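Enquirer: After the C-alpha cells below, expect a handful of questions from me.
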Amino acid sequence: MRLRIALPAALLLLAAPLAARDTIGVYKGWGAFRDPDRCYAIARPLLAGGRSGGFASVGTWPAKGLRASFSLRLSLPRDRAAPVTLAIGERRFPLVGTGRDVWAPDGTTDHALVMAMRSGRSMSVSAVAADRRPFADTYTLAGAASAIDAATLACVVAGRG
C-alpha cells in the first residue's frame with residue numbers, strides 16, 4: 001500500500017522542472033510547487049504508450065497576469081498541421097502551440113477546461129505525431145483540484161498573485 005502512494009509522489013517530483021524551489025504538496029496524482037516566477041500544479045500522464053517526458057500543468061504567473069492557466073507538454077513531438085484535442089468527460093477542447101507544448105487558444109477556453117478538470121475523473125490529449133501516427137496521453141484528475149487550489153493560494157499568500 002505504501003508503494004502505491006509513494007510511487008505517484010516520486011513520479012511527480014521527477015516531473016517538476018529543475019527551477020522548482022518549494023514543494024507545496026502532493027495531492028494523489030498531482031503535485032503543487034512554487035518557484036520564483038510562478039506557482040503551479042503538475043502531473044505526468046498515467047498512460048502515454050511507454051513514452052516519458054509529457055506533463056500537464058495549471059499555473060499562476062503573477063508577472064504575466066495569469067491565474068490558473070493550463071499548459072501541457074506532449075509525450076511526443078506532434079505534426080503541427082494536425083489538431084490537438086483535450087477530452088475531459090464528454091467535453092472536447094482544442095489546443096494550440098508548438099511541437100510539444102500546447103495550451104488553450106484563449107482565456108475563455110482556458111477557464112472552461114480548468115473548470116472541467118475540477119469535476120472530471122480523467123483527461124486525455126490526442127494528437128498526431130511528427131511521424132504521422134496518432135497518439136494520446138491520459139491523465140488522472142484525482143487530486144487536481146486540490147493541487148490547483150494549493151498552487152494558486154501559495155502565490156496569493158506569497159504576495160505574488
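Read-outs throughout are calculated quantities, based only on the coordinates presented, and are distinct from any laboratory measurement. These figures come from a predicted structure and were not determined experimentally. Neighbour counts run over all protein chains shown; Cβ positions are idealised from the backbone, glycine included.
Enquirer: Would you tally the net charge around Ser57, using a Cβ to Cβ cut-off of less than 11 Å, leaving Ser57 out, and scoring K and R as +1, D and E as -1?
Expert: With Lys, Arg at +1 and Asp, Glu at -1, the neighbours total +2.
Enquirer: Give me a comma-separated list of calculated 3J(HN,Hα) values for the range 91-98, in order, Karplus coefficients 6.51, -1.76, 1.60 applied at θ = phi - 60°, integers in Hz, x for any Gly or Pro.
Expert: 8, 10, 10, x, 10, 10, x, 9
Enquirer: Looking only at the range 43-73, which residues have a backbone nitrogen under 15 Å from a spot 7 Å from the Cα of Ala82 in the C-beta direction?
Expert: Inside the label zone: 49.
Enquirer: Which order do the peptides 31-42, 90-101 take when ranked by the mean count of other beta-carbon atoms within 10 Å per residue, highest first?
Expert: 31-42, 90-101
Enquirer: Net charge within 15 Å of Trp103 by Cβ-Cβ distance, Lys/Arg positive one each and Asp/Glu negative one each, not counting Trp103 itself?
Expert: +3
Enquirer: Given labels modelled 7 Å from the Cα in the Cβ direction, how far is it in nm from Thr23 to Asp106?
Expert: 4.0
Enquirer: Can I ask one more? Could you compute the net charge surrounding Phe135? Neighbours are other residues with a C-beta less than 14 Å from the C-beta of Phe135; K and R count +1, D and E count -1.
Expert: Cβ neighbours under 14 Å give a net charge of +3.
Enquirer: So, with +1 on the Cβ of K and R and -1 on the Cβ of D and E, and no other charges, what is the size of the charge dipole of the range 75-144 about its Cα centre, to the nearest 20 debye?
Expert: So the dipole magnitude of the range 75-144 works out to roughly 140 debye.
Enquirer: Can you list the HN-Hα couplings for the range 122-134, worked out from phi with the Karplus curve (6.51, -1.76, 1.60; θ = phi - 60°), rounded to whole Hz and with x for Gly and Pro?
Expert: Along the range 122-134, the couplings run 7, 9, 9, 10, 10, 7, 10, 5, 4, 8, 6, 9, x Hz.
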